[in-house]
Amino acid sequence: MRLRPNSFALTAVLALLTAMGPLSVDMYLPSMPAIARELGTNASHVQLTLSAFLAGFAVGQFFHGPLSDRFGRKPTLLAALGIYVVASAACAFTDSIGLLILARFAQAVAACGPIVIARAIVRDLYEGPRAGREMARMGMIMGVVPAIAPVLGGILHDLAGWRSIFAVMVLVGFGLAYVVASAMPETLKIRSTHSISPFGILRSFGDLVKNRTYCAYVALVSLVYAGLFCFISASSFILQGVYGLSEIGFALTFAFNVIGFVTGSMLAARYSLTRGLDGTIAIGVPLLILGSLTMLAGVAVGPHSAVMIVAPVMLFLAGVGLILPQGLAAAMAPFPDRAGAASSCLGVTQMTFSALVGAGIGLTLGGGSALPLPLAMSGVALAAALVFLALKRMQAGKA
């Protein structure tokens, strides 16, 4: 079977490739406290496995896009999946927190390849609002993974311990590599002649950031993703440590929250062709603000209940589902001939910023308070709103 453009099968495979990042993060979230106990470390050190993963994402995205522009989407994708399998196996067998952090970094360097290249494939095949719709459809499918992954991780943890979670990641990498090798078409039409040396890639990125519209959308996407990562990085310690949820209880709660993201992605797929990219983003921005400020108020003055986190996060994630696909498509739209490099530059910025935010959140954990989470999420939501308003004024000035 060959995967064809405009087919659900291709959309589903691209979504699964894009979901490798969330899968690699979310499936082991319920086990983070147990990892800290078994490896003889603390919550802040285990949280560094998340920040290291985000840092690895930033490093890997520097190279994957330009490499796929030069050598093709399919060969670069297969190489990334191969490295992912090896790194996931290393995570499963490590016996120290330091080695786990290093293995997670290597795993992330590989795992970001499918995400970068999947975005480039979408830009190869589609344009404008159609690309935004495809990103949103991928988001709808991808959103199921964060819903299932913590539950699966919690079950695996109870049955066979946290190492079995990384063993499953090995199997996922093998399976996707088989599908790509046997059915994925090569979508790159003209191979880039730009240098793939580190300095050559930096020069290419420099050309990209001269485009003010590109920079604005990259800033918007980075802020929105940082808000999402605030929740991902702190949720297990806050919902389990502060509010007393069990591993399975946390996993079920996390899955419930993903309903918000899937709903936002469904709305984005519905409205992107009629309202356009910016029109769809304009629906999502108020949801970010409403969700984060409601959470802040609930944690500060509400009852001591996990509901004060869970319910507002659904609103926030609905906003994320509306904004991220459209922001990605809008950022890459001006660069059909360098879709890989544009995807890489965006990813480097997005993941570096999120890693810094995640590390900052990690430093606040362990104090017995949930307040740092809504404070951070409110800050990035308001900043995202300001960036979007500035973008609209900039576009109005060009009209």
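Points to keep in mind about this one:
- Among (1) at pLDDT below 80; (2) in contact with a Leu (Cβ under 9 Å, 6 or more places away or on another chain); (3) farther than 14 Å from Leu29 by Cα - the single one Leu220 does not satisfy: (1)
- First in the range 230-246 and within 13 Å of His304 (Cα to Cα) and surrounded by fewer than 20 Cβ atoms within 10 Å (Cβ to Cβ), second anywhere and modelled with pLDDT under 75 and of a type in the set (A, V, I, L, M, F, W, C), Cβ under 8 Å, 6 or more apart: Gly241/Ala43; Gly241/Leu365
- Residue in the range 286-314 that is surrounded by the fewest Cβ atoms within 10 Å (Cβ to Cβ), counting only those that are within 15 Å of Tyr243 (Cα to Cα) and at pLDDT 80 or above: Ala300
- Residue within the range 273-285 that is over 28 Å from Leu346 (Cα atoms) and not hydrophobic (A, V, I, L, M, F, W, C) present: no
- Residues satisfying the stated conditions in the range 344-364, i.e. closer than 20 Å to Ile281 by Cβ and out of contact with any Phe, Trp or Tyr (no Cβ under 9 Å at 6 or more places or on another chain): Thr349
- Sole residue being in a helix (DSSP H, G or I), closer than 23 Å to Ala219 by Cβ and touching a residue at least 40 places away in the same chain (Cβ under 8 Å), chosen from Leu290, Leu315, Leu363: Leu315
- Among the candidates Leu159, Leu188, the residue that is without any contact (Cβ under 8 Å) to a residue 12 or more places away in the chain and either surrounded by fewer than 24 Cβ atoms within 10 Å (Cβ to Cβ) or not small (Gly, Ala, Ser) (or both) is uniquely Leu159.
- Selected residue (criterion: surrounded by the most Cβ atoms within 10 Å (Cβ to Cβ)) from residues of the range 366-399 that are in a helix (DSSP H, G or I) and modelled with pLDDT under 80: Gln395
- Matching entry among Thr76, Thr41 (being among the β-branched types (Val, Ile, Thr) and surrounded by 24 or more Cβ atoms within 10 Å (Cβ to Cβ)): Thr76
The values are calculated or read from the model by the stated rules, or taken from the named source; none is laboratory data. Since this is a predicted model, take the numbers as computed values, not measurements. Note that we place each Cβ from the backbone using ideal geometry, even for glycine, and neighbour counts take in every protein chain shown.
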